[in-house]
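Take a look at the structure below.
The values are calculated or read from the model by the stated rules, or taken from the named source; none is laboratory data. Quantities reported herein were computed from a predicted structural model and do not represent experimental measurements. All Cβ positions, glycine included, derive from the backbone under ideal geometry; neighbour counts span all protein chains shown. Note: areas computed on protein heavy atoms with side chains; ligands, DNA, RNA excluded. Shrake-Rupley method; radii C 1.70, N 1.55, O 1.52, S 1.80 Å.
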Amino acid sequence: MDPNNQIIVALDCDNRPTAEDLVDQLGDECGFYKVGLELLTAAGPDFVKQLVARGKEVFLDLKLFEIPNSVAGAVHVAGALGVSMVTVHSMGGTGIMTAAVDAARGFPDLRILALTVVTSMTDEDLADIGVSDSTEQQVLRLARLAGKAGCHGVIASPQDVLALRSALGSNALIVTPGVTLPGETPFEHARPGTPRAALAEGASHVVVGRTVTRAPDPTAALRLVHASLVV
Ligand code: C5P
């Protein structure tokens, strides 16, 4: 795995010019971008195609939670755009995860990642929706379910990485958002960690958003993230 591509920059913005400007600024420093629902809705699939045409890998964070037929359709279209990763909610159960995995078979480079517990959620949030287990227990349960359904990996908070790596084995992708650099105030992350700790504990990829995209100099900020991995 190209270590430069282990850091995925989240292009969380509401318009195409801002996103293009960031991609231009970051240039060869970033080879992997996350496009979420905000930018996809604002800029459309052409923007994603353009990123792929520029040689970038794209994690399309669709967070699918739909009937299996609709999930399969969305995964097909994402595969045709040339993206590398698509997310599906494991809370939607085996049926939709299997539908996503089956739909991805025609695209050898496409990986289906299961969302476990959103990293901003706490045990109290889970209790509110009727889940009495702790976030850690729920993350592990959903990750195992995702593995059985054939998902290629999971999205998980930095603090869940160690347990997940041992539960899922060495081949699974573990993609970790909700990170901040040491000394930085976490945004709304309930279970934050640093990129370095996440990778050291077994994450395959780390998603970095505002640390880079809201920095006065995004390229310098991304370099700091890379440097933080080896210090
Ligand atoms: O917080 P940051 O700006 O680094 O977020 C980057 C990405 O990580 C966001 O696009 C969001 O989907 C994801 N994230 C998350 N849980 C959080 C915070 C962010 O999954 N608590």
At a probe radius of 1.4 Å, what is the per-residue accessible area of L37, in Å² to the nearest 10?
-> 90
With +1 on each Lys and Arg Cβ and -1 on each Asp and Glu Cβ, how big is the dipole of the chain about its Cα centre, in debye rounded to the nearest 20?
-> 600
So what are the ³J(HN,Hα) numbers for the stretch 106-113, from phi and the Karplus equation (6.51, -1.76, 1.60; θ = phi - 60°), rounded to whole Hz, Gly and Pro as x?
-> x, 10, x, 8, 8, 10, 9, 10
Which whole-number value in Å² is the accessible area per residue of the stretch 48-162, probe 1.4 Å?
-> 43
Would you grab the residues whose amide H sits under 5 Å from the one on G202? Only those 5+ places off in sequence or on another chain, please, with H modelled 1.01 Å from N.
-> none
Roughly how many percent of the accessible protein surface of the stretch 48-182 is carbon and sulfur, given a 1.4 Å probe and a whole-percent answer?
-> 54
Highest to lowest packing among 55-63, 15-23, 95-103, 124-132, scored as the average C-beta count within 10 Å | 95-103, 55-63, 15-23, 124-132
³J(HN,Hα), Karplus 6.51/-1.76/1.60, whole Hz, each residue of the stretch 73-88, x for Gly, Pro | x, 5, 5, 4, 5, 5, x, 5, 6, x, 6, 9, 9, 9, 9, 9
Describe numerically, in nm with one decimal, the distance between label points set 7 Å from Cα along Cα→Cβ at K49 and at L37.
-> 2.5
Tell me which residues come under 5 Å, amide H to amide H, from K63 once H is placed; ignore anything under 5 positions away on its chain.
-> T87
For the stretch 29-34, Karplus-derived ³J(HN,Hα) couplings (6.51, -1.76, 1.60; θ = phi - 60°; whole Hz; x for glycine and proline) come out as 5, 10, x, 9, 10, 9
Check I155: other-chain or 5+ apart residues with amide H under 5 Å from its amide H, H built from backbone geometry?
-> A114, L115, T116, V175
